[in-house]
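Novice: Questions regarding the structure given below will be posed in turn.
Since every read-out is calculated from the coordinates, none of them should be taken as a lab result. As the structure is a prediction and not an experimental result, all values here were calculated from the model. In this analysis, Cβ positions are derived from the backbone assuming ideal geometry, glycine residues included, and neighbour counts consider all displayed protein chains.
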């Protein structure tokens, strides 16, 4: 009994921030230590549903420059348009990437290749600030400005890849929106101004997809185990659109083949074929009901006393708590549950119990914090945004180019 109460307490404490839906910013934690603001600001903003960015990096002594702007659709899709310059050699950059796959527009032709270093833009920005973030005492950041609208922190950046000989000293600033505590800009430079780096983030959760010409570069194959083919295709299309992917289908009896220009993480692809069946359960510690394990907590076993509700989801978003763990927030059409005469309540998706909690009154917002990875959170969000009464068995994903 003590372990059950501890589990519920930990799950409740894990949820500091609310979910984020398209076009909205997540609200900051109700209380957060001042020393943890830079970590929360950066980790939260780069793991939102989507954002736009500008990026520039230059080393003047080498006449080297990359600059431009782009869009990120998480978990892994990015589009960037800009210029690359080295000496007198200047070329346009127009790239789209997902995972380790890259498409580059060269003279109107989209050429596939392994993802290049110049396409790892968010990773480069993270590299600049990561060394400062991993200091647990928070002393890596110094607040140098608070004007009521912005917080500006100074820190020592990691720009060694632009100074492999360790000949320069660097300084940097992290600009944070004071209301939402979200990072807006990282600017860094060497003390002699030879090396300059800048990364800005805007339009949080506004972009919905990566805009590139459609091509059949990848194929995901499913077998329709249950349900109707047309409904399964509609659900798959909606789920892949949620990931920023356009899709075209081919069908052969019970086989459904989804064609994409950019790949999808295989963990997510497997989950996209499942129903997205959301239920609220009445749970008891004893009794004759079926046993169900909380996700990741095999020692804490509940018995299902009743299925209280199969709520309809209005919207679902992925956010992060103050420790950068993924959290789902589900906004329901109607308040649930209406009956609470059980030891605990549980939230299950496709037969997996994700959350256990006591409820004092019906609510139209449910938060799920017991999620292991970002890929799992995205897959859950895609399924719950578009549930369907059927089941597709994932077969394989193939690279066609």
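Novice: Roughly what would the spin-label model give for residue 156 and residue 341, points 7 Å off Cα along C-beta, in nm?
Specialist: 6.5 nm
Novice: Between residue 111 and residue 191, what length comes free when the chain is fully extended (0.36 nm per residue of separation minus the Cα-Cα distance, one decimal in nm)? Intermediate values should be presented prior to the final figure.
Specialist: Working: separation 80, 0.36 × 80 = 28.80 nm, distance 3.92 nm.
Contour length minus Cα-Cα distance gives 24.9 nm.
Novice: Nearest 0.05, what FRET efficiency do residue 92 and residue 249 give at R0 = 22 Å with Cβ-Cβ as r?
Specialist: Working: r = 34 Å, r/R0 = 1.53.
So the FRET efficiency works out to roughly 0.05.
Novice: For residue 373 and residue 24, FRET efficiency with R0 = 22 Å and r from the beta-carbon atoms, rounded to 0.05? Write out the running numbers ahead of the final one.
Specialist: Details: r = 23 Å, r/R0 = 1.06.
The calculated FRET efficiency here is 0.40.
Novice: Modelling each spin label as a point 7 Å along the Cα-to-Cβ direction, I'd like the residue 63/residue 400 distance in nm, to one decimal.
Specialist: Between residue 63 and residue 400, the label points sit 4.4 nm apart.
Novice: What's log10 of I(q)/I(0) for the range 243-394 at q = 0.12, 0.16 Å⁻¹, Debye sum over Cα points only, no solvent?
Specialist: -0.56, -0.93
Novice: Which whole-number percentage describes the relative contact order of the chain, with Cα contacts under 8 Å and a sequence gap of 6 or more? Write out the running numbers ahead of the final one.
Specialist: Numbers: 925 pairs, mean separation 74.6, N = 401.
Answer for the chain is 19 percent.
Novice: So for the range 323-401, averaging the separation of alpha carbon pairs under 8 Å that are six or more residues apart and normalising by length, what relative contact order in percent results? Before the final figure, lay out the partial values.
Specialist: Values: 78 pairs, mean separation 27.5, N = 79.
Computed over the range 323-401, the figure is 35 percent.
Novice: Describe numerically, in nm with one decimal, the distance between label points set 7 Å from Cα along Cα→Cβ at residue 203 and at residue 291.
Specialist: In this crude spin-label approximation the distance works out to 5.2 nm.
Novice: What FRET efficiency would be calculated for the residue pair residue 167, residue 131, taking the C-beta separation as r and a Förster radius of 25 Å, to the nearest 0.05? Write down the numbers at each step before the final one.
Specialist: On the way: r = 18 Å, r/R0 = 0.74.
The value I calculate is 0.85.
Novice: Here's another thing I want to ask about it. At q = 0.10, 0.12, 0.13 Å⁻¹, what base-10 log of I(q)/I(0) does the Debye formula yield for the chain when every alpha carbon is treated as an equal point scatterer in vacuo?
Specialist: Once normalised to I(0) and log-transformed, intensities are -0.76, -1.03, -1.16.
Novice: Per residue of the chain, what 222 nm ellipticity follows from adding -39500 (n - 2.57) for every DSSP H run with n ≥ 4, rounded to the nearest 500?
Specialist: On the way: 6 runs with 68 residues, N = 401.
After summing the helix terms and dividing by residue count, I get -5000 deg cm²/dmol.
Novice: Fully extended, how many nm does the chain gain between residue 139 and residue 310 (0.36 nm per residue separation, minus their Cα-Cα distance)? Kindly include the intermediate steps, with their values, before the conclusion.
Specialist: Working: separation 171, 0.36 × 171 = 61.56 nm, distance 4.78 nm.
My answer for the length gained is 56.8 nm.
Novice: Still on this structure: Determine the distance separating the Cα centre of the range 330-401 from the Cα centre of the range 47-100; give it in Å without decimals.
Specialist: Their Cα centres are 35 Å away from one another.
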